């Protein structure tokens, strides 16, 4: 009798487990065989790790679930922290976590790109911690590393990071948690960057997914005017999943999130795998969906240095929160069953070197661990004609200026960082 009860309890636990996410062709699927679309929110309450305080996770997860959230993106975590309670709380709410592997001091830099053993080890620690959770949806090896055409020489280092983290994942016999990159929406790098991350015959060097931080749909716009038509045209033949890893232009106010209807509708859902709204908490950048109280004078006793409270009961910001809730309730992509899907898209040609546009020579060898960008590396990755490259000009950049253009970031001392992440980093100055 006792053994029967134990078995029944075990089976109940298995039945209640959230299905895991994997990649097949250009789509995400759950282990139940359903196509998966992200309805996500960027979630970084504090700079080091928002997934340790389960009291806060519980309050936030409950409100997120009420509007149909199925994913959150977390930019920085402490791999030494205890995440079991928060991850279980979000799992119970049906919410997956998409985690950046880098930290403030291990990220790949555009100005002087390198990929060394210290970075590998730091990325691996994050993977070791989060691979154990079924609701870990995916890992990012970088966020907006490339922001200018002459910064394209950093692309091979990002791709090398994905190669080595995929190899590490496989060597540890972890499940195939998708590994990808989150790109700044820089017109001059379209579509070369996404194609480069997906090109090549060696699947061990190809990213599992590509994502874009895009703030092009602003105010009372539409699919054509916003520039989403061009983004979709660029991505139509991409052979790996693509989604918007940040979106939600906040000028003009209020945010109506009309773009979600297009993303999950017939215009985009056959190509795109959803989106992540920037962001959960209200900060100085005015992108928040909720707040934990009114802003206070940062000079007051016991006040947070930026005046924004970062814990407590979340209060929806009106009308933005309600607007997103209403749109998500009706925006739903039907998708396809994994059993009925046969991938037909092939890897794109690697974009060829084009001066001042794309300064990587197609399918050249990726940097090895410990390699730093210098004259020798420049010569090997940015000159000549590589096998498997597209002809010069075949991947011409999109030059049309779109609404919601990105601004510069003093953190990385380059231009082109997404507005959302810019605000996030500003908010973190006082912790650093």
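Give the residues of the range 77-97 that are in a loop (DSSP other than H, G, I, E, B) and either more than 20 Å from the chain's Cα centre (by Cα) or surrounded by 21 or more Cβ atoms within 10 Å (Cβ to Cβ) (or both), sorted by residue number. Scanning the range 77-97 gives 77, 80, 81, 82, 83, 93, 95. Annotation: of all residues in the range 101-114 being without any contact (Cβ under 8 Å) to a residue 40 or more places away in the chain and touching a helix residue (DSSP H, G or I) at 6+ places or on another chain (Cβ under 7 Å), the one that is surrounded by the most Cβ atoms within 10 Å (Cβ to Cβ) is 103. Answer yes or no as to whether residue 273 is within 20 Å of residue 342 (Cα to Cα), in contact with a strand residue (DSSP E or B) (Cβ under 7 Å, 6 or more places away or on another chain) and crowded, with 23+ Cβ neighbours inside 10 Å. Considered against the rule, which asks whether it is within 20 Å of residue 342 (Cα to Cα), in contact with a strand residue (DSSP E or B) (Cβ under 7 Å, 6 or more places away or on another chain) and crowded, with 23+ Cβ neighbours inside 10 Å, residue 273 comes out as yes. Look at (1) surrounded by 20 or more Cβ atoms within 10 Å (Cβ to Cβ); (2) free of Cβ contacts under 8 Å to residues at least 60 places away in the same chain; (3) in a helix (DSSP H, G or I); (4) in contact with a helix residue (DSSP H, G or I) (Cβ under 8 Å, 6 or more places away or on another chain) and you find that residue 152 fails only one, number (2). For the range 214-248, a residue qualifies if it is under 25 Å from residue 362 (Cβ atoms) and touching a residue at least 12 places away in the same chain (Cβ under 8 Å), and the qualifying residues are 230, 231, 232, 234, 235, 236, 237, 238, 239, 240, 241, 242. Among the residues of the range 110-129, are any touching a strand residue (DSSP E or B) at 6+ places or on another chain (Cβ under 6 Å) and closer than 24 Å to residue 191 by Cβ? Yes - at least one qualifying residue is present in the range 110-129. Among the criteria (1) within 22 Å of residue 215 (Cβ to Cβ); (2) in a loop (DSSP other than H, G, I, E, B); (3) touching a helix residue (DSSP H, G or I) at 6+ places or on another chain (Cβ under 9 Å); (4) modelled with pLDDT of 95 or more, the one residue 318 does not fulfil is (3).
crowded, with 24+ Cβ neighbours inside 10 Å, in contact (Cβ under 8 Å) with a residue 24 or more places away in the chain, within 21 Å of residue 237 (Cβ to Cβ) and touching a strand residue (DSSP E or B) at 6+ places or on another chain (Cβ under 9 Å): does that describe residue 184? Considered against the rule, which asks whether it is crowded, with 24+ Cβ neighbours inside 10 Å, in contact (Cβ under 8 Å) with a residue 24 or more places away in the chain, within 21 Å of residue 237 (Cβ to Cβ) and touching a strand residue (DSSP E or B) at 6+ places or on another chain (Cβ under 9 Å), residue 184 comes out as no.
A Cβ distance below 9 Å, combined with a sequence gap of six or more or placement on separate chains, defines the contacts here; from the range 115-133, residues that are touching a residue at least 60 places away in the same chain (Cβ under 8 Å) reach residues that are part of a loop (DSSP other than H, G, I, E, B) and surrounded by fewer than 21 Cβ atoms within 10 Å (Cβ to Cβ) in the pairs 115/368; 115/369; 115/370; 116/369; 116/370; 117/369; 117/370; 120/369.
The values are calculated or read from the model by the stated rules, or taken from the named source; none is laboratory data. Not measured: the values here are computed from a predicted model. FYI the Cβ positions are ideal-geometry reconstructions off the backbone, even for glycines, and counts take in every protein chain you see.
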